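**Q** Could you have a look at this structure, given as structure tokens, before my questions?
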């Protein structure tokens, strides 16, 4: 006969009974007998979702690296402060006048943090210019990214992450290659050459001359159909030169990699200029960055999708760029300064108002990529309990990855994990760290809140399987 130990605790308030002690003892054995946790730290906190009562903890008050579980805090504060309907704006301005279908002066594109600008949006801007009767610009095309400060990377970002989309630079004027909205990045699709010893074929999305590819890779023979590729992709620091080295088997599948650009403001300007050319707008000046003059005239405003929708790619796909943009936006809206420092101050104040003891936390960014961030599992599980009464909570909850759901924008980073179980939670991974925090329902129908943080792992890629084994034990509640 199966009997739920959590049912005993929650309904009968048993403390220290033999049955409860036996089950927790077996859970502790499960922890101790996990060989890959030798020398590691396993912080675990489990609460009743209904009462918030702490049911079980293991190193629950120890500060641990949360990795992308940090996004739980960023998302909640953004929904609370900015609101679910909040949108980011991008503005078209002119500094001059229109005479005989010519803009005598400068055209300005002012960004206000929108991470969702796609090539199609730049085409819309160009069409708007034509609708206004402008087919020639005598002055300059200027990008204004002054809504945020000029600091592009969070202070603890590892230099080796700069090449990749998850370490992309933050600018108030930026662009994304597709609807994952990985702002400040391009996509490389690399396929084998037509013959052995030929260079692989490289496609850049969106099409842009802002980055240049140095293709030094070769196509090689392949005996095994599933022989893995051995390509190395690196963007040279401080430049937009992307080196591709190594080899790819002639029968290999295409390789796709997201690469962060250097200076995303100019990347967005390049896409904007391409759209102007495509729509027949001539240009005599230069393309540069600068400030929008007070006397300039507003021509058009583009609004992003609302925050309630943005939360899905942010949380489901664990988009680091969104986390950092939201921090800067918090600073801009509340303190008038679009910086990490100002945004993190707002984050701290709001978290305290939500019931967190921020004196126990170390927070350095909005995405969790920092190895300096520290949060005790008990604080995080309590936070997840306290925020349930907020009107925006259903949006927050639905933004969490749903275990086992094959739909990428539902299951997100949990689509291949804990299949068949009712779990909605945020994953997290950085070097040596694997985390998962959120909400689950046991097989007996008990609703729980949990936070599991594994730190000091020799291989963080083994962390998810360990976490899933621990949670499966709790979900199934076998006696």
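**Q** When the residues of segment 323-339 are narrowed to those that are more than 15 Å from residue 111 (Cα to Cα) and buried (at least 24 other Cβ atoms within 10 Å of the Cβ), which ends up farthest from the chain's Cα centre (by Cα)?
**A** 330
**Q** Which residue, of 194, 257, is part of a loop (DSSP other than H, G, I, E, B) and either more than 31 Å from the chain's Cα centre (by Cα) or within 30 Å of residue 147 (Cβ to Cβ) (or both)?
**A** When all the criteria are applied, what remains is 194.
**Q** Return yes or no: is residue 214 surrounded by 22 or more Cβ atoms within 10 Å (Cβ to Cβ), part of a strand (DSSP E or B) and not assigned by TED's automatic domain parsing to the domain that holds residue 312?
**A** No: the conditions fail for residue 214.
**Q** So if I check each of 463, 438, which one is in a strand (DSSP E or B) and assigned by TED's automatic domain parsing to the domain that holds residue 38?
**A** Only one candidate passes the filter, namely 438.
**Q** If you check 344, 330, 409, which single one turns out to be at pLDDT below 95, in a helix (DSSP H, G or I) and either in contact with a helix residue (DSSP H, G or I) (Cβ under 9 Å, 6 or more places away or on another chain) or over 17 Å from residue 318 (Cα atoms) (or both)?
**A** 409
**Q** Return yes or no: is residue 42 part of a strand (DSSP E or B) and over 18 Å from residue 273 (Cα atoms)?
**A** So residue 42 passes the test.
**Q** Still on this structure, please answer the following. (1) touching a residue at least 24 places away in the same chain (Cβ under 8 Å); (2) within 26 Å of the chain's Cα centre (by Cα); (3) part of a loop (DSSP other than H, G, I, E, B): which one isn't true of residue 143, the others all being true?
**A** (3)
**Q** Sticking with this structure for a sec: Considering segment 144-175 alone, what residues qualify as being in contact with a strand residue (DSSP E or B) (Cβ under 8 Å, 6 or more places away or on another chain), surrounded by 23 or more Cβ atoms within 10 Å (Cβ to Cβ) and closer than 27 Å to residue 296 by Cα?
**A** Result: 145, 171, 172, 173, 174.
**Q** Let me ask you something else. Taking only segment 433-477 into account, find how many residues are on the phi > 0 side of the Ramachandran plot and modelled with pLDDT under 95.
**A** Result for segment 433-477: 2.
**Q** Please enumerate the residues belonging to segment 304-320 that are under 11 Å from residue 114 (Cα atoms) and out of contact with any strand residue (DSSP E or B) (no Cβ under 8 Å at 6 or more places or on another chain).
**A** Matches in segment 304-320: 305, 306, 307, 310.
**Q** Residues 300, 283, 237: which one is surrounded by fewer than 18 Cβ atoms within 10 Å (Cβ to Cβ), touching a helix residue (DSSP H, G or I) at 6+ places or on another chain (Cβ under 6 Å) and not assigned by TED's automatic domain parsing to the domain that holds residue 74?
**A** 300
**Q** Which condition does residue 78 not pass, out of (1) surrounded by 23 or more Cβ atoms within 10 Å (Cβ to Cβ); (2) modelled with pLDDT under 95, if it passes all the others?
**A** Only one criterion in (1) surrounded by 23 or more Cβ atoms within 10 Å (Cβ to Cβ); (2) modelled with pLDDT under 95 is unmet by residue 78, namely (2).
So that you can scan it fast, the table gives a plain yes or no per residue for (1) assigned by TED's automatic domain parsing to the domain that holds residue 352; (2) assigned to a helix (DSSP H, G or I); (3) more than 20 Å from the chain's Cα centre (by Cα):
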| residue | (1), (2), (3) |
| --- | --- |
| 61 | yes, no, yes |
| 69 | yes, yes, no |
| 76 | yes, yes, no |
| 93 | no, no, yes |
| 109 | no, no, yes |
| 116 | no, no, no |
| 123 | no, yes, yes |
| 126 | no, yes, yes |
| 156 | no, no, no |
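The values are calculated or read from the model by the stated rules, or taken from the named source; none is laboratory data. What you see is a predicted model; the values in this text were computed from it and never measured. All Cβ positions, glycine included, derive from the backbone under ideal geometry; neighbour counts span all protein chains shown.
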